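The values are calculated or read from the model by the stated rules, or taken from the named source; none is laboratory data. Nothing here was measured: the structure is a model prediction, and the numbers come from that model. All Cβ positions, glycine included, derive from the backbone under ideal geometry; neighbour counts span all protein chains shown.
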Protein chains: 2
Amino acid sequence: MTKQFDKEMAEVNALLLKMAALVEEMIESAINSLFERSKDSALEVYNKEGKVNALQVQIDEKCINILALQQPAAIDLRMIMSVMKINSDLERMGDQAINIAGSSLELLKDKPVIIISDLKKMGISIKLMVRQSIESFITSDLEKAKMVLLEEKEVDLIKGKILQELLKVMADSPWLIKPSLVFILVSRNLERIADHTTNIAEDVIFIVTGRDIRHHIQDINK
Amino acid sequence: MTKQFDKEMAEVNALLLKMAALVEEMIESAINSLFERSKDSALEVYNKEGKVNALQVQIDEKCINILALQQPAAIDLRMIMSVMKINSDLERMGDQAINIAGSSLELLKDKPVIIISDLKKMGISIKLMVRQSIESFITSDLEKAKMVLLEEKEVDLIKGKILQELLKVMADSPWLIKPSLVFILVSRNLERIADHTTNIAEDVIFIVTGRDIRHHIQDINK
């Protein structure tokens, strides 16, 4: 491909890394706001939303411009498509961080309650998956991308346990129904963040190996 | 653009319409499985998942091939990008239908419970939004697309009401905690379907008017 293409892709990648860093911070702050009952952390999440949204539009525009003007083919084209997908996943991860921050603010209206240890465990796993998925993209690290896919299965198991535990809490202690429900919804938000990290990991695997492993349909159209 | 491009885009659009019809059926069956306690309807949703996933991959592949071989510019390029986004939204709508069908099967294990009227209302609204968003795409109907965006605000209000109602049910009738929680999660699934219909509506507005109204950042990079 041309030097111009490489130069423009480097610019896009720089923007994407900036966005990834911001989204990672949003998720860290969101989890922190919940576990530490920190209003400041929740507000930090909201403060970053606008920047992330602006970056998403900017990256999309740049990619479309590159497509229109450089008309890349084959692997370069696939790379741009993957960048656009990762862009969308990052923005959606930011949306989930906003939801969690909103839940934290909601909980701050009431008295503190104990957070079950599995939810804390899930939060830690998610932060790791976010980190690894972004790193796997930056360094084209296939092994790290595969680790993200394995961790998703773990997270799925913890999510099921959290649901069972909190159903029991609600039945035993009706005054804990509202916070328990909020924690269940947060576990869904965390699960969706995990889904997006696996999308990113799949895109990295796709870029590196040139294969589409989504839905395990590897051979369609060949 | 070339005749070849028009021919290939017509093929892609035909696949996308096929997929949209399947996803619409999935959502109808999912809502039906919940409201009518129909195991058959739930299983129909699962039966269609594989087809929808295969179509998604096929449409993506075709779009990438068109990009690589036809190298479309300007409005044609934007059109393909929007088709790829709609493709992704449709598949995610199917995922939500699967979640709802799963919840229906879960509820079938227990005795029937009364479904609050607001959830039924939300289900009807969502089916309408799905229909309108798909029709707005098929017929490039700007007005229909705008209606979808207005309806989303309504759906958001109903969702909040459902949450309050069900929190009260759980507090008053602890034996209804589990089904109430399932209904809250279903209302979130329906909300996400609504989000995807608004994404499609925004893409239609973008295609028709050439403007990006996401995040209300219209003038970035200009």
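A few comments on the model shown:
- A residue that is out of contact with any Gly (no Cβ under 7 Å at 6 or more places or on another chain), touching a residue at least 12 places away in the same chain (Cβ under 8 Å) and of a type in the set (S, T, N, Q) occurs nowhere in the stretch B:42-50.
- Per-region count, the stretch B:146-177, residues within 30 Å of B:Asp110 (Cβ to Cβ) and in a helix (DSSP H, G or I): 22
- Residue in the stretch B:104-135 that is surrounded by the most Cβ atoms within 10 Å (Cβ to Cβ), counting only those that are more than 20 Å from B:Phe35 (Cβ to Cβ) and either among the aromatic types (Phe, Trp, Tyr) or in contact with an Asp or Glu (Cβ under 8 Å, 6 or more places away or on another chain) (or both): B:Ile134
- Scanning the stretch B:67-109 for residues that are among the polar types (S, T, N, Q), over 12 Å from the mean Cα position of the chain (by Cα) and at negative phi gives B:Gln70, B:Ser82, B:Asn99, B:Ser103, B:Ser104.
- Selection of the stretch A:30-74 for residues being within 14 Å of another protein chain (Cβ to nearest Cβ) and among the basic types (Lys, Arg) yields A:Lys48, A:Lys51, A:Lys62.
- Filtered residues of the stretch B:65-90 (kept if basic (Lys, Arg) and under 21 Å from B:Leu22 (Cα atoms)): B:Lys85
- Some residue of the stretch B:77-94 being without any contact (Cβ under 8 Å) to a residue 60 or more places away in the chain, away from chain A (no Cβ under 14 Å) and closer than 21 Å to A:Leu185 by Cβ: no
This table checks each residue for (1) at pLDDT below 90; (2) among the polar types (S, T, N, Q); (3) in contact with a Phe, Trp or Tyr (Cβ under 6 Å, 6 or more places away or on another chain).
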| position | (1), (2), (3) |
| --- | --- |
| A:Lys62 | no, no, no |
| A:Ala68 | yes, no, no |
| A:Gln71 | yes, yes, no |
| A:Asp76 | yes, no, no |
| A:Ser88 | no, yes, no |
| A:Asp95 | no, no, no |
| A:Leu105 | no, no, no |
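- Annotation: of all residues in the stretch A:103-143 being free of Cβ contacts under 8 Å to residues at least 24 places away in the same chain and not polar (S, T, N, Q), the one that is farthest from A:Ile86 (Cα to Cα) is A:Lys111.
- Take the conditions (1) crowded, with 24+ Cβ neighbours inside 10 Å; (2) closer than 16 Å to A:Met147 by Cα; (3) not small (Gly, Ala, Ser); A:Thr198 misses just one of them, which is (1).
- As a summary of the residue check, B:Met129 satisfies the conditions (1) of a type outside the set (S, T, N, Q); (2) at pLDDT below 95; (3) out of contact with any Phe, Trp or Tyr (no Cβ under 8 Å at 6 or more places or on another chain) except for the one numbered (2).
- Within the stretch A:161-198, tally of residues that are at the interface with chain B (Cβ under 9 Å from one of its Cβ atoms) and in contact with a Phe, Trp or Tyr (Cβ under 9 Å, 6 or more places away or on another chain): 2
- Flag for B:Ser173 being among the small types (Gly, Ala, Ser), buried (at least 19 other Cβ atoms within 10 Å of the Cβ) and either modelled with pLDDT under 95 or under 16 Å from B:Lys120 (Cα atoms) (or both): no
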